[in-house]
Amino acid sequence: MKRITAIALLAIANFAVAGTSFAQSKAVQAKVPFDFTVGNTLVPSGMYTIEEESPWFIAIKNHDKLIARVSVVDQDGKKSANGGKLIFHKYGSQYFLSDILCDRAKMNVRVPVSKTEKRVKLQEAMIAASGDTFIAAL
C-alpha cells in the first residue's frame, strides 16, 4: 500500500477575537472555509466558536447553537506560533478536525480520531494522498 503524506491545503481564514472575554472563557473563533467532520458529526463551512467546557470536553457552536460536543484525547503539548490554528486531517475531499492550538486562549487540545475517520483513512489510503490542513486561529 502506497501512502503519500503532504500538506493538502494551507488556508488562512478570517478570524475574530472577541476581546479578553474569549481568552478568559477558553474560546476560539474561526471561519472554516470547507465542510468538516468532528467526532461523527458532519459540520458545514462557516464561522464557529470552540469553547473548552472542561479540561476534557470542548463544544463547537455556530451562532451560539451547539453543533458538536467532543471529548479531547489530551491537553496537547504543542504550541502555536503566530496566534493559533485548527489542524484538520484530509482524506480525499473530507476534512476531520484533529487539533485546536491557540496559546492566547490557553487551548491546546487533540480531538480523538473517530470511527468514521479511521474508515475513511483506510479507504483513502488505498487510492489517494492524505494530509493535514492548518487553519490560523487567534
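The values are calculated or read from the model by the stated rules, or taken from the named source; none is laboratory data. What you see is a predicted model; the values in this text were computed from it and never measured. Positions of Cβ are backbone-derived with ideal geometry, glycine not excepted, and every protein chain shown enters the neighbour counts.
Quick rundown of the values:
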item	result
Contacts under 8 angstrom Cβ, first residue in the range 106-121 being part of a helix (DSSP H, G or I), partner small (Gly, Ala, Ser), 6 or more apart	VAL120/GLY92; LYS121/SER130
Members of the range 34-53 found to be aromatic (Phe, Trp, Tyr) and over 18 Å from MET107 (Cβ atoms), listed by number	PHE34
Index of the failed condition, ILE135 passing every other in (1) among the aliphatic types (A, V, I, L, M); (2) closer than 14 Å to PHE36 by Cβ; (3) at pLDDT 85 or above	(3)
Residues of the range 46-92 classified as part of a strand (DSSP E or B) and either at pLDDT 75 or above or buried (at least 19 other Cβ atoms within 10 Å of the Cβ) (or both), total	30
Filter result (of a type outside the set (Ser, Thr, Tyr), surrounded by 17 or more Cβ atoms within 10 Å (Cβ to Cβ) and under 19 Å from LEU42 (Cβ atoms)) within the range 100-120	ILE100, VAL111, GLU117, VAL120
The range 34-44, residues that are under 12 Å from the mean Cα position of the chain (by Cα) and not hydrophobic (A, V, I, L, M, F, W, C)	ASP35, THR37, GLY39
Some residue of the range 93-112 being at pLDDT 80 or above, closer than 16 Å to GLU52 by Cβ and polar (S, T, N, Q)	yes
Where a residue in the range 40-56 is in contact (Cβ under 8 Å) with a residue 60 or more places away in the chain and its partner, wherever it lies, is not polar (S, T, N, Q) and not in a strand (DSSP E or B), with Cβ under 8 Å and at least six apart	ASN40/LYS115
